[in-house]
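Reading through the structure tokens given below for one structure.
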Amino acid sequence: MLPGPLLAAIATNPPASPAFSTEAGAPGFGVMFWVLVLVGSAAMVVVIERLLYLHRVQIDSAQFLAGVRNVIRRDNVIEALSICDATPGPVARLVKAAILNRDGGRERIDEVIEEIGQSEVPRLEHNLPLLATIAQVAPLLGLMGTLFGFGGVFRGLRGDGSWGAGYAAPAQMFDGLMQALYAAAVGIGIAAFCYAAYNYLVHRVNLIVMDMEKASRDAVRLALGDAGAPGDPGRNP
């Protein structure tokens with residue numbers, strides 16, 4: 001049986017339509033839910049852009065070097081440079097830099113290759129720190145949305161004159177609880193997606209860096225006039 005004060009409050013003041021979700025921002029979701037949607041959209045853009053970029057720059061370095069090696073054997077440096085220009089990715093830029101500086105000796109070639117490598121790695125890792133930051137911040141934003149949702153429930157329990165102090169309409173309470181759950185679930189989901197995407201993209205970057213390291217050794221041999229297959233003993237200048 002309902003307590004006497006609650007029955008009196010219902011009799012004298014019929015329940016009004018709850019306006020809880022309007023106070024929290026957007027009906028049914030809350031402000032932090034839409035903030036998380038924006039953050040998740042930004043993370044999705046970063047992941048798609050990085051996937052497309054890494055797919056474009058990751059080439060078959062062995063096949064590329066074999067083509068350049070065949071051209072170098074015919075002493076056609078111009079065609080070798082044209083192949084490098086037509087091939088995207090850091091491996092092609094490493095080989096081109098080595099060929100252009102072939103007259104400077106091994107020391108100069110090693111120096112140029114190191115400079116190219118240092119400039120290419122930040123390009124490969126572009127926006128990855130942002131993705132890692134979103135993975136760490138998204139759960140905190142979800143927690144903030146959860147607190148906002150529970151705060152709305154407590155505002156309803158404080159009483160607005162319709163149900164009496166200490167009571168809230170069930171719709172008000174469920175609205176606040178759903179906002180809290182939405183924010184927590186979306187924040188955790190965004191964090192999980194960003195964490196998995198970050199690890200995968202870092203793996204792709206590491207594979208390209210390994211290709212760069214292998215290609216740099218072959219580029220030195222090509223530039224110094226050893227056009228043999230990779231792994232063959234090269235000519236020491």
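All of the numbers you see were taken from the coordinates with simple rules; none came from a lab. Keep in mind the model is a prediction, meaning the values are calculated, not measured. Because the Cβ atoms are built from the backbone with ideal geometry, glycine has one as well, and the counts that use them run over all protein chains shown.
Can you tally the net charge around His126? Count Lys and Arg as +1, Asp and Glu as -1, for every other residue whose Cβ sits under 15 Å from the Cβ of His126.
Numbers: positive: Arg50, Arg56, Arg123, Arg204; negative: Glu49, Glu120, Glu125.
It works out to a net charge of +1.
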* Asked: Using alpha carbon centroids, what distance separates segment 29-73 and segment 178-195, in Å?
  -> 25
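What's the extension gain from Leu140 to Asp110 if we count 0.36 nm per residue and subtract their Cα-Cα distance? Intermediate values should be presented prior to the final figure.
Working: separation 30, 0.36 × 30 = 10.80 nm, distance 4.62 nm.
So the chain would gain 6.2 nm between Leu140 and Asp110.
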* **Cα-only radius of gyration and Dmax that characterise segment 29-223, units Å** => 27.1, 93
* Asked: What ranking, highest mean first, results for peptides 45-51, 181-187 when packing means the other Cβ atoms within 10 Å averaged over each residue?
  -> 181-187, 45-51
